[in-house]
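K.L.:
Let me begin by handing over the structure; questions about it come next.
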Amino acid sequence: MASNKNLLLSHFKIADIVTEKSKILDLGCGNGDLMQYLEQTKKVNAQGVEISEDAIYKCVEKGLCVLHSDIDNSLDSYPNNSFDFVILSQSMQQVKKIDEVFKQCTRIGKKIIVSFPNFAHIALRSMLFFKGMAPVAKALPNQWNDTPNIRFFSIKDFENFCNYNGYKILEKYFISNSKYVHVMPNLFAQQAVFVITK
Amino acid sequence: MKKKDVGIVKTEYFTFKNFTLENGKILPEVTIAYETYGKLNDKKTNAVLITHAFTGNAHCAGYHEGDEKPGWWNMLVGPGKAFNTDKYFIICSNVLGGCAGSTGPSSINPATGIEYGTDFPAITISDMVRAQKKLVEFFGIEKLLCVAGGSMGGMQVLQWVMDYPEYIYSAIPIAITLKSTPQQIAFNEVGRQSIMGDVAWKKGHYYGGPEPDKGLAVARMLGHITYMSDYSMQKKFPVKNPELNENFDFNADFEVEEYLRYRGSSFVKRFDANSYLYLSKAMDYFDVQKDNFLPEEKNLNIKFLVISFKSDWLYPPYQSENIVKQLKAKGQEVTYCNIYSTYGHDAFLLEVKDETNLIRNFIDNLYKEVFEGGK
C-alpha cells in the first residue's frame, strides 16, 4: 500500500466521492499519490496529466498512466464522456485558460471534482488587511514572486463562476485544519471541494 | 564495467523461404540476423523485442568476441538495466533490407548468383515487422510482453501495433512520428542523391569493384547533423577559430568538419550504400496515420509508453504528442514523457538514466499487472 502521508483531507474527500471501478482523469496529478490511493481503494482506472518531468518518473515508478503535458493543452482529443470523474485537485489555480478547460472537462467527464485553497479565508484576509502583504499560508506556501499559482479566488468566486457558466454544483465540502466547516465557509474554510457537472 | 553487461554474445541467423512482400514481390529466401539476451521463461511470457534504428543492427548489447565496443544499446540492455536481462528475454534482429546479416540488397540473389543490388525489391516497415514476427514465432512466443525501439525502431513498434495488435501487451515508441514529414523525407533524399551521384554507385551494381564510399560518407555526414542539436554541437566542438593561413586549401580546419569526415569514413566500412537507399525509402513511405492508427473494430488492450526528447528537431516532440492524441481518442492507456535533453535526436541512445527510469518501471509494472495480478 502507498503511504498516505502525502494526502490531504481534501484527497480523502475526493476518494469518498469517486465511485468504485470508475474511470478518472487526474489533471495536475503530481507524484501520483492521489491516483495511486484511488487505484488501491476504489479500483479505479486512472489517467494522469502532469507538467513536471520529475513527477512523471515518480508516477511511472508507481505503475500509473501519466501524460507529460500542461492541463490547458491536454484535453481536446478525448471523446465525449470518456471519464466518470475529471479531477482538478489543487491544480486549478495554475490553469491558464480556465473557461476552455472547464468546457473541455465537462465535455469529457460526467462529473468534475475540483479542490482548491480558498483565497478569502480569514487568515489570508487579515494578512492582507493588517499586514498589507500578499498572503502566505499552508495552502498557499509560496511568496508572491515564486508561486506557480496564477489565479487567486474564493469559494464565492467559484460558485459565481459555476452559476455564470451554467455548471450545476452537485456537492460541496469545506475544510479547515483537517476538519469540515459548516458555517460561513467563504470566511472560515481553507479548502473547498466541489463536484460539478454540465 | 563489463560485469554488468550480458558478456560475450554471438549473432545468430534464422532463415525462411518464399516471403511475400507488401508490394507483392516474393523473396525466395530470407535470412534474419538476431541476438538474444536473458532467458525465455517456461510459459514464454517474458519476451521483449527491441527494434533498431536506420543504421543499427541486431547487436544491441554485450560484446562480440574480441570487440572493444559493446552493442548499440548496451547501456539500456543488461542485468538490472532498463531492459533487464535478469527478468526478461530480449530479442533484437537486423531489419530486412539491412546489411548486418539479414537479407538485403548486398545479399546474393539466388536467381543470378550475384548480389541483388538494385534488383532487390522495395521493402517497407511492414515487411520488416512481418519478418520479425516469423522470428518471434520461431521461438514459440505467443505474445510479446513489449516491443520497443527509437527512430526507425519506433516506426517498427508502431507498425507492430498496426499489424499485430493482439500479439503484444505493450509498445514503447521512442522519438518517432506516425508519418514521415517532408523535412524528414528531404534529408533522406539528399543522402540518396549523394550516393546515387557517386560514379562508383553504377546504378547499384558496384559489388566486387570500388564502392560509392564518398557518396555514402556524405549521406552519413548529413544524417549525423540531423541527429545532433545546435547545443550539443556547440558543446562537442567548442569553437576555437583556426588561423586562416596562406596555404588555405579547404581542409578540415574546424573540429566539426574533421569529426564529420571521420564519422563518414568510418561509417562506409560497416554500411552498404544500397541498404541506405532501401531503408531510407522504407522510412519515407512510413505512414500509420492514413489507415487510422489502431484498428477501430478491435478492442485493443495495449499499454503504451511514448517517449520524445525536447531538443529532437528531426522527430520533434509534437510528433510523439500526435501519437498520444490518437491513443487518447481511442481510449488506450498511455504514458508519455518528453525528456529534457540537449542531445537532439541521438538522445534516445544517450539519455540512459531517464529512459531507464521510465522503461524499467513500465515493463516491471506491466509484467506484475498482467501475470502476477497486481502492481
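K.L.:
I'd like the full set of residues that are touching an Asp or Glu at 6+ places or on another chain (Cβ under 8 Å), open to solvent by 30 Å² or more (accessible area, probe 1.4 Å) and within 25 Å of A:Phe83 (Cα to Cα), limited to region B:326-351.
P.N.:
B:Lys330, the sole residue that qualifies.
K.L.:
A:Ser77: among the hydroxyl-bearing types (Ser, Thr, Tyr), assigned to a loop (DSSP other than H, G, I, E, B) and open to solvent by 20 Å² or more (accessible area, probe 1.4 Å), yes or no?
P.N.:
Numbers: among the hydroxyl-bearing types (Ser, Thr, Tyr): yes; assigned to a loop (DSSP other than H, G, I, E, B): yes; open to solvent by 20 Å² or more (accessible area, probe 1.4 Å): yes.
Taking the combined requirement at face value, the residue satisfies it.
K.L.:
If you don't mind, there's one more thing I want to ask. Conditions: (1) open to solvent by less than 30 Å² (accessible area, probe 1.4 Å); (2) in a loop (DSSP other than H, G, I, E, B); (3) under 25 Å from A:Gly48 (Cβ atoms). B:Leu314 meets all but one. Number of the miss?
P.N.:
(3)
K.L.:
Any residue at all in region B:238-253 that's over 28 Å from B:Ala82 (Cα atoms), of a type in the set (Asp, Glu) and assigned to a helix (DSSP H, G or I)?
P.N.:
Just the residues of region B:238-253 that are over 28 Å from B:Ala82 (Cα atoms), to begin with: B:238-253.
Okay, now just the ones that are also of a type in the set (Asp, Glu), so B:243, B:246, B:249, B:253.
From the residues that got through so far, the ones that are assigned to a helix (DSSP H, G or I) too are none.
Among the residues of region B:238-253, not one is over 28 Å from B:Ala82 (Cα atoms), of a type in the set (Asp, Glu) and assigned to a helix (DSSP H, G or I), which makes the answer no.
K.L.:
Still on this structure, I have one more. For B:Lys290, which of the numbered conditions (1) in contact (Cβ under 8 Å) with a residue 40 or more places away in the chain; (2) in a helix (DSSP H, G or I) fails to hold?
P.N.:
Every condition holds for B:Lys290 apart from (2).
K.L.:
If I ask for residues that are crowded, with 16+ Cβ neighbours inside 10 Å and out of contact with any Asp or Glu (no Cβ under 6 Å at 6 or more places or on another chain), which ones from region B:17-33 would you list?
P.N.:
B:Phe19, B:Leu27, B:Val30, B:Thr31, B:Ile32, B:Ala33
K.L.:
Could you check region A:50-64 and list, in sequence order, the residues that are surrounded by 22 or more Cβ atoms within 10 Å (Cβ to Cβ) and not in a helix (DSSP H, G or I)?
P.N.:
A:Glu50, A:Leu64
K.L.:
Next question. Mind listing just one residue for me: the one in region B:317-358 that is part of a helix (DSSP H, G or I) and charged (D, E, K, R) and, of those, farthest from the other protein chains (Cβ to nearest Cβ)?
P.N.:
Of region B:317-358, the ones part of a helix (DSSP H, G or I) are B:317-329, B:344-350, B:352-358.
Applying the additional criterion that residues be charged (D, E, K, R) yields B:321, B:325, B:328, B:346, B:353-355.
Working: B:Glu321: 8, B:Lys325: 4, B:Lys328: 5, B:Asp346: 19, B:Lys353: 10, B:Asp354: 7, B:Glu355: 11 Å.
Of everything passing the filter in region B:317-358, B:Asp346 is farthest from the other protein chains (Cβ to nearest Cβ).
K.L.:
Now for a separate question. Would you mind finding the one in A:Phe102, A:Phe85 that is part of a helix (DSSP H, G or I), under 25 Å from A:Ile155 (Cβ atoms) and at pLDDT 95 or above? Outline the logic, then answer.
P.N.:
Numbers: A:Phe85 fails: part of a helix (DSSP H, G or I).
Being part of a helix (DSSP H, G or I), under 25 Å from A:Ile155 (Cβ atoms) and at pLDDT 95 or above holds for just one of A:Phe102, A:Phe85, which is A:Phe102.
K.L.:
Now for a different question. How many of the residues in region B:359-372 are open to solvent by 50 Å² or more (accessible area, probe 1.4 Å) and at the interface with chain A (Cβ under 8 Å from one of its Cβ atoms)? It would help to see each step written out before you state the result.
P.N.:
Taking region B:359-372 and keeping what is open to solvent by 50 Å² or more (accessible area, probe 1.4 Å), we get B:360, B:368-372.
Right, trim to at the interface with chain A (Cβ under 8 Å from one of its Cβ atoms) and you get B:368-369.
Selection size over region B:359-372: 2.
K.L.:
Pick out the one residue from A:Lys96, A:Lys131 that is among the basic types (Lys, Arg), without any contact (Cβ under 8 Å) to a residue 12 or more places away in the chain and out of contact with any Ser or Thr (no Cβ under 8 Å at 6 or more places or on another chain). Please lay out each step first, then the result.
P.N.:
Details: A:Lys96 fails: without any contact (Cβ under 8 Å) to a residue 12 or more places away in the chain.
After applying the criteria, what remains is A:Lys131.
K.L.:
Still on this structure: Among the residues of region A:57-91, how many are within 11 Å of chain B (Cβ to nearest Cβ) and in contact (Cβ under 8 Å) with a residue 60 or more places away in the chain?
P.N.:
Matching residues across region A:57-91 total 2.
K.L.:
If you go through region A:14-36 one residue at a time, how many are open to solvent by less than 40 Å² (accessible area, probe 1.4 Å), away from chain B (no Cβ under 11 Å) and in a helix (DSSP H, G or I)?
P.N.:
6
K.L.:
Could you name every one of the helices (runs of 4 or more DSSP H) located completely within region A:106-198 that has at least 1 residues being touching a Pro at 6+ places or on another chain (Cβ under 9 Å) and exposed (fewer than 12 other Cβ atoms within 10 Å of the Cβ)?
P.N.:
Values: elements: A:122-126, A:155-165, A:185-188.
Fully inside region A:106-198 and qualifying: A:122-126.
K.L.:
Tell me which residues, restricted to region B:292-309, are facing chain A (nearest Cβ under 9 Å) and either open to solvent by 10 Å² or more (accessible area, probe 1.4 Å) or modelled with pLDDT under 90 (or both).
P.N.:
Answer for region B:292-309, where residues must be facing chain A (nearest Cβ under 9 Å) and either open to solvent by 10 Å² or more (accessible area, probe 1.4 Å) or modelled with pLDDT under 90 (or both): just B:Lys303.
K.L.:
In addition: Would you call B:Thr55 among the polar types (S, T, N, Q), surrounded by 15 or more Cβ atoms within 10 Å (Cβ to Cβ) and in a strand (DSSP E or B)? Reasoning before the result, please.
P.N.:
Numbers: among the polar types (S, T, N, Q): yes; surrounded by 15 or more Cβ atoms within 10 Å (Cβ to Cβ): yes; in a strand (DSSP E or B): no.
Taking the combined requirement at face value, the residue does not satisfy it.
K.L.:
Now a separate question. Within region B:146-177, track down each residue that is outside any strand (DSSP E or B) and under 20 Å from B:Gly223 (Cα atoms). Before you say what the answer is, go through the steps one by one.
P.N.:
Our first condition is that a residue be outside any strand (DSSP E or B); within region B:146-177, this holds for B:151-167, B:169, B:175-177.
Once the filter is applied, which keeps residues that are outside any strand (DSSP E or B) and under 20 Å from B:Gly223 (Cα atoms), region B:146-177 yields B:Ser151, B:Met152, B:Gly153, B:Gly154, B:Met155, B:Gln156, B:Ala175, B:Ile176, B:Thr177.
K.L.:
A further question follows. Going through region B:58-67 one residue at a time, which ones are in contact (Cβ under 8 Å) with a residue 40 or more places away in the chain and open to solvent by 10 Å² or more (accessible area, probe 1.4 Å)? Full working, then the answer.
P.N.:
Initial filter on region B:58-67 (in contact (Cβ under 8 Å) with a residue 40 or more places away in the chain): B:58-59, B:61-65.
Within region B:58-67, B:His59, B:Tyr63, B:His64, B:Glu65 qualify.
K.L.:
Do the conditions hold for B:Pro70, that is, is it more than 25 Å from B:Ser170 (Cα to Cα), touching a residue at least 12 places away in the same chain (Cβ under 8 Å) and of a type outside the set (Lys, Arg)?
P.N.:
Numbers: more than 25 Å from B:Ser170 (Cα to Cα): yes; touching a residue at least 12 places away in the same chain (Cβ under 8 Å): yes; of a type outside the set (Lys, Arg): yes.
Against the criterion (more than 25 Å from B:Ser170 (Cα to Cα), touching a residue at least 12 places away in the same chain (Cβ under 8 Å) and of a type outside the set (Lys, Arg)), B:Pro70 qualifies.
The values are calculated or read from the model by the stated rules, or taken from the named source; none is laboratory data. Bear in mind that the values here come from a model prediction, so they are computed numbers and not experimental data. Note that we place each Cβ from the backbone using ideal geometry, even for glycine, and neighbour counts take in every protein chain shown. All accessible areas refer to the heavy atoms of the entire protein, side chains included, with ligands and DNA or RNA removed. Shrake-Rupley method; radii C 1.70, N 1.55, O 1.52, S 1.80 Å.
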